[in-house]
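Here is the structure we will look at.
Derivation of every value follows stated rules applied to the coordinates shown; laboratory data play no part. As the structure is a computational prediction, the values presented were derived from the model and not from experiment. Every residue, glycine among them, receives a Cβ derived from its backbone with ideal geometry; neighbour counts consider all protein chains shown.
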Amino acid sequence: MRLAMFTNKFPIKGDTFLARDIRSLIEAGVSVDIFPMHRIDDGLWKWTPEILDEKSFPHDHVRGLTPVDALRELGPSSAGALPGFLSEAAAISRSAIGFGIGPLMKTSYVLPLAWAWSRRYGARYDHIMSYWGNYAATCAYMAHRLTGRDIPLSILLHAGTDLYRNQVYMEEKLLYADNVFVVCEFNREFLRIRFPRIYPAIEGKIRLHHLGLDFAELPFVADGRKPNIVLCVGRFDRLKGFDYVLRAAVELLRRGLDLEVEIVGDGDQAGALKSLARESGLADRVRFPGWLPFRGVQEAMRTATILVHPSADIGDAVPTVIKEAAALGLPVIGTSVAGIPELLDQGKCGVLVPPRDVKALSDAMERLLKDEALRHRYAADARAYAEEKFDLWANGRSLARQLVSTVRGAHVAV
């Protein structure tokens with residue numbers, strides 16, 4: 001099967017799960033081409049996991065386009081399709097206006113890309129899939145409409161960036177798609193609550209797809225860890241809640257517990273987090289190494305004592321770092337937000353605390369830092385659970401079977 005996969009940016013720093021899914025689909029016999037909305041930045045290839053090297057996925061399978069390409073596709077042969085495109089584009093833009101100027105501008109940017117894609121490549125593929133539900137899905141939807149071909153369209157829904165907010169034309173895309181993949185059961189329930197009017201029509205095509213890990217590159221190590229290192233990994237965003245880890249660290253130092261904190265990543269909240277560390281007297285106990293490549297994050301996880309992922313509100317659905325920590329034998333503390341409880345088997349293989357609760361987080365950190373036997377038990381249970389649920393190759397084969405077996409229109413409601 002030849003699959004056209006639409007995404008926001010590729011290659012990209014940080015989103016290792018996309019590279020893994022591409023590799024698993026290739027291994028399952030699917031030919032994959034990537035259509036990114038952003039311009040291709042060749043300097044970002046170094047951040048791609050080794051599992052998706054150029055031998056397994058040649059770089060020319062990423063087919064970047066720009067709005068200028070759309071102008072090049074205009075001509076006498078396109079006159080018949082243009083009125084339909086403009087009518088559909090107007091309807092999508094009216095939806096985008098309701099979410100503000102930013103969503104409108106992004107929508108206006110991707111619509112010409114859909115035109116160029118459909119004119120240049122639309123006849124090559126057996127299935128169209130958007131890896132996100134936001135502007136990539138809008139582009140995939142429009143491109144699918146313009147091709148006029150009876151091939152399936154699938155959409156994968158993740159988290160805040162493409163499901164929980166700025167739901168431009170979402171009802172129409174959900175109704176039009178043949179498959180709606182979700183990465184956790186929380187997202188299925190979110191769809192039921194957020195879109196009650198159309199949920200009965202889409203319920204039958206909602207399918208769970210766990211983003212997977214290659215356990216061969218994530219060896220389990222429970223022993224030999226430093227005794228007092230608290231690790232956080234991720235984009236520095238308010239919703240991540242990393243400031244609560246710093247506040248909890250202050251409380252634990254007050255209780256007489258010796259610890260150090262390492263926060264790997266970067267983002268809009270970098271200045272605020274560093275200021276909070278200084279003002280709280282943590283300057284000599286907190287490290288901010290910035291973004292690290294995949295191997296660098298692995299090394300940090302191999303030496304840390306615990307991973308804390310204190311999401312303050314729904315933004316992420318299933319943080320990849322929690323899965324990676326579980327695979328590597330690093331015990332996890334997470335908050336009861338979105339799909340995090342599902343990653344920790346509802347608290348059976350990790351500690352769950354309420355979001356934005358410094359005392360509960362401090363107590364959980366103290367408990368795990370002081371109890372090596374408990375850390376070992378959580379680590380072993382988490383690895384076993386991860387192998388059962390998040391095996392990249394098994395999940396990739398399952399996804400490929402679902403894509404190959406999909407028939408256009410079997411579950412579509414327009």
For residue 46, counting only lysines whose alpha-carbon sits under 19 Å away and dropping same-chain residues fewer than eight positions off, the answer is 9, 13, 55
Taking 45, 117 and counting other C-beta atoms within 10 Å, the order from fewest to most
45, 117
Ratio Rg/Rh, restricted to the range 215-389 and using Cα atoms, in which Rh is the Kirkwood radius:
0.92
Log entry: pair-distance distribution for the range 116-266, C-alpha pairs binned every 10 Å from zero, whole % per bin is 9, 27, 24, 20, 13, 6, 1
Dividing the convex hull volume of the alpha carbon atoms of the range 8-161 by its residue count, what do you get in Å³ per residue?
121 Å³
Can you figure out the FRET efficiency of residue 72 with residue 185, using R₀ = 51 Å and their beta-carbon distance, to the nearest 0.05?
0.70
In deg cm²/dmol, rounded to 500, what helix-only [θ] at 222 nm does the chain give when every DSSP H run of at least 4 residues adds -39500 (n - 2.57) and the total is split over its residues?
-13500 deg cm²/dmol
Could you tally the net charge around residue 116, taking each other residue with its Cβ under 11 Å from the Cβ of residue 116, Lys/Arg +1 and Asp/Glu -1?
+2
Length gained, residue 303-residue 268, 0.36 nm per residue minus C-alpha separation, equals 9.9 nm
How many lysine pairs are close in the range 215-389, with Cα atoms under 18 Å apart and the two 8 or more places apart or on different chains?
8
Which FRET efficiency value, to the nearest 0.05, is calculated for residue 253 and residue 199 with the Förster distance at 60 angstrom and r the Cβ-Cβ distance?
0.80
Cβ crowding within 10 Å averaged over residues, with 230-237, 372-379 ranked highest first
230-237, 372-379
Along the Cα-to-Cβ line of residue 46, 7 Å from the Cα, sits a label point; which residues in the range 1-31 have backbone N less than 18 Å from it?
10-16
Sorted largest first, the Cα spans of the chain on the principal axes come out in Å as 76, 44, 41
Starting from 0.36 nm per residue, how many nanometres of slack lie between residue 31 and residue 356 once their C-alpha separation is accounted for?
112.6 nm
Cα Rg over Rh - the range 356-414, Kirkwood
1.33
Once you sort the root eigenvalues of the Cα gyration tensor of the range 1-72 as a ≥ b ≥ c, which label holds: rounded (a/c under 1.5), prolate (a/b larger than b/c) or oblate (the other case)?
oblate
Of all DSSP beta bridges with both partners in the chain, the antiparallel percent, nearest 5, is 0 percent
Descending semi-axes in whole angstrom, ellipsoid equivalent of the range 216-268, from the Cα gyration tensor:
22, 20, 7
